[in-house]
Amino acid sequence: MDKKIDQIKKEIKSFHIKTYNDLEAFRIKFLGKKKGMLIVLFKEFKKISIYKRKIYGKIINELKKEAQNKINVFHLKNDIKNEKLLKVDPTIPGQSIEIGGRHPLSIIKNRIIDIFIKIGFTYVDGPEIEDDWHNFTALNIPIFHPSRDMQDTFFLCKNPDVLLRTHTSSVQIRYMKKHIPPFRVLSTGKVYRNETISSRSNFMFHQAEGFYIDKKVSFSDLKQTIHYLITSLFGEAKIRFRPSYFPFTEPSAEVDIYCNSEWVEIMGCGMIDPQVLKNVNIDSEIYSGFAFGLGIERLALIIYKIKDIRIYFDNDIRFLKQFKSEF
Ligand code: PHE
């Protein structure tokens with residue numbers, strides 16, 4: 001046995017593998033499944049005593065490794081050439097990947113989020129598919145009340161309780177039901193209305209909604225917060241609060257911004273109506289709060305001096321390429 005092992009060892013070492021044919025010959029000679037020298041050795045080894053088997057088992061396994069190693073080394077040296085890798089010219093510059101940009105609405109949305117995060121607002125998401133209670137009833141807009149006409153939307157024929165939210169104010173209800181004040185919250189997202197598409201309106205647009213509830217929150221907190229938002233977005237800008245009506249805020253106002261010699265409405269806001277707080281089990285004797293909702297398309301129109309709202313959704317790369325931002 002010892003002699004045989006020595007013999008095989010020598011043969012493995014001295015075998016010159018120069019071509020793939022040599023390699024195959026080498027493999028068959030030593031590692032071949034049927035008559036390979038090492039396999040034959042293994043078979044013989046079964047006949048010897050258990051005590052010796054341990055010792056020889058190790059030695060034969062070492063030999064097997066040596067043979068396999070030789071094969072691996074050949075592959076390492078030669079396969080690269082065959083794969084034509086060396087024919088590749090590594091000095092040719094690679095194909096560059098074009099980096100996309102953010103959609104202008106995303107840029108403005110992210111700026112607004114950033115502005116509010118800085119003053120301690122929490123960002124939350126809400127569902128676009130809503131039920132009647134969260135979108136209307138809990139916000140003090142009862143069934144058959146004429147104020148529903150302000151926000152006509154899309155209902156499921158089969159189940160009129162399911163609808164596409166008309167505003168992000170539904171997020172107020174969802175959040176207030178689950179949390180104990182004080183809290184400051186911002187939410188953004190798509191909202192839907194049954195409106196004729198024109199340069200100023202669409203059946204879908206984006207809103208940002210903010211609300212703040214604590215003890216002694218007042219209208220001046222609301223004014224100051226809106227002022228902070230507008231100056232963060234525009235630098236100095238002229239704004240005005242115009243008395244208005246929303247069923248879920250009292251008092252209510254609309255905020256206009258002066259641009260291109262005219263006043264443009266950008267958001268609705270007000271103090272959250274005590275009835276809304278009651279609907280979500282918040283004690284309106286202890287807590288008060290404000291809320292606001294703004295249209296992101298409108299703001300982006302002003303910031304980027306765009307004239308027609310429809311261009312946001314045309315997916316025209318020439319338009320979209322013009323926007324660069326760190327947001
Ligand atoms: N939800 C209102 C709208 O879509 C805006 C609003 C939000 C008004 C919060 C007051 C308070 O028109």
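Structural remarks
- Scanning segment 94-112 for residues that are at pLDDT 95 or above, more than 15 Å from the chain's Cα centre (by Cα) and β-branched (Val, Ile, Thr) yields Ile108, Ile112.
- Subset of segment 119-142 that is over 12 Å from Val162 (Cα atoms) and among the β-branched types (Val, Ile, Thr) - its residue that is surrounded by the most Cβ atoms within 10 Å (Cβ to Cβ): Ile141
- Highlighted here are the strands (runs of 3 or more DSSP E) found entirely within segment 207-324 that include at least 2 residues which are more than 15 Å from the ligand (Cβ to nearest atom) and assigned by TED's automatic domain parsing to the domain that holds Gln151: 239-246, 249-259, 262-272.
- Every test in (1) over 24 Å from Val264 (Cα atoms); (2) touching a Gly at 6+ places or on another chain (Cβ under 9 Å); (3) in a loop (DSSP other than H, G, I, E, B) is passed by Ile180 save one, and that test is (2).
- Flag if Asn260 is within 17 Å of Pro182 (Cβ to Cβ) and surrounded by fewer than 15 Cβ atoms within 10 Å (Cβ to Cβ): no
- Filter pass, Glu250 being surrounded by 15 or more Cβ atoms within 10 Å (Cβ to Cβ) and in contact with a Gly (Cβ under 6 Å, 6 or more places away or on another chain): no
- Of all residues in segment 95-113 being charged (D, E, K, R) and not in a helix (DSSP H, G or I), the one that is nearest to Ile296 (Cα to Cα): Arg102
- Flag if Gln151 is within 30 Å of Lys305 (Cα to Cα) and in contact with a helix residue (DSSP H, G or I) (Cβ under 9 Å, 6 or more places away or on another chain): yes
The values are calculated or read from the model by the stated rules, or taken from the named source; none is laboratory data. Keep in mind that this is a model prediction, so the values were computed, not measured. Note that we place each Cβ from the backbone using ideal geometry, even for glycine, and neighbour counts take in every protein chain shown.
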